[in-house]
1. I'd like the distance separating the alpha-carbon centroids of region 166-182 and region 98-131, in whole Å.
2. Can you work out the Karplus-derived ³J(HN,Hα) for every residue in region 25-30? Use 6.51 cos²θ - 1.76 cosθ + 1.60 with θ = phi - 60°, whole Hz, and x for glycine or proline.
3. Lys and Arg at +1, Asp and Glu at -1: add these up for the other residues within a Cβ distance under 12 Å of P142 and post the number.
4. P(r) of region 71-207 in 5 Å steps, Cα pairs, percent per bin?
5. Work through the residues other than L260 whose Cβ is under 14 Å from its Cβ and net out their charges, Lys, Arg +1 and Asp, Glu -1.
6. Sticking to Cα atoms, compute the Rg of region 137-213 to one decimal and its Dmax as the biggest Cα-Cα distance, whole number, in Å.
7. In the neighborhood of Q211, defined by Cβ-to-Cβ distances under 15 Å, what is the net charge if each Lys or Arg adds +1 and each Asp or Glu adds -1?
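Just so it is clear, none of the values below were taken in a lab; they were calculated from the coordinates. Because the structure is a prediction, the values reported are computed rather than measured. Because the Cβ atoms are built from the backbone with ideal geometry, glycine has one as well, and the counts that use them run over all protein chains shown.
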Amino acid sequence: YVLQIAVQGDASELGWLIPTPALPDAPVLADKALFDTLGDLTGPMLISCSGGSGACATDKALEYRGEGGVTVWAEGKLDNLEYAVLSATDGSDLNDWLQTHDYPTNNAITLVVNNYIAAGWKFVALKVSQNALQGDQPTLGPVAIHIPYTGNPVFPVKMSSLSATASVSLVLYIAAEELMAPGNYDLVTINKEALREDADGNANYNELLKQAIDAQGGGFVVEYAGAEPGISFSAPLLQGKLTGKKLVRLHTDQAPSKYLYDVELEVRSDLVTPSYNCVPREGEEAGGCGNVAPAGNALPLLALLAIVAWLPRRR
């Protein structure tokens, strides 16, 4: 797993608990340009169309804003973060340990954590080092976590159900030998014909994405599916894991209560990168500009890359 979070509010209040299906190696920092690079190459690029439905008179890129009972396996610091690799026999013991060691937490996590403990999962806890940051911090990470694990590919999102926010936005990149997608969440399609550019040059893509997901009762929108698009950055470890792989980018923005299950991945060879008709200004009709393949960027609440090195045998 490679994880990055965009902080809203005071970063010193952040606590982050990541369940892992096996005992992970100690986390390391990943290249800070990773998700910017991935976003530039795979995010939806929406092109405005002024001049009505006849033709695109002018095109421009639009913004997309679119101790008791607990075993400590490793502890350390990563830049402005502190981490601990943990296992526990009971959720309340784990919660007590987190509170004792100044990891922001609350009693509501106990039930969710107990489900992971019963399944034999471990945990990586992260927090901002004391006095490491002043005020707001746009992003923390990326943090790379290697997990020696040979079970079915899974990515944990149930912890998001405990979020105190009204909605949790998540972008998930999956790099593997074949195209993969969740088998236990719906794949949702936005209403392309409703895409519009406002007077400030911003598109309503994120709004339509959320509407589509809410109407479906949850799920993910596929934003990219294909060969790894020639990623190049100064991170040899990740570069080797990404080069030559298939890459899928998924995006969701839904209420915390909709994160009922961890993402269970399965091979989906039918996935394709969506394309979008030219986006007219508000009050104008769509059409006349052809299709534009995604290639933009976003700043999600969470940006996550699951690198799947093992695939289940085809049946």
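1. 23
2. After applying 6.51 cos²θ - 1.76 cosθ + 1.60, I find 5, 4, x, 9, 6, 9 Hz.
3. Values: positive: K32; negative: D31, D36, D79.
Net charge around P142: -2.
4. Histogram of Cα-Cα distances, whole percents per bin: 2, 6, 13, 16, 18, 16, 11, 8, 6, 3, 1, 0.
5. Working: positive: K158, K258; negative: D186, D262, E264.
Result for the local shell: -1.
6. Considering region 137-213 through its Cα atoms, Rg and Dmax are 16.6, 51 Å.
7. On the way: positive: K192, R196, K210, K258; negative: D186, E193, E207, D214, D253.
Within the 15 Å Cβ shell, the charges total -1.
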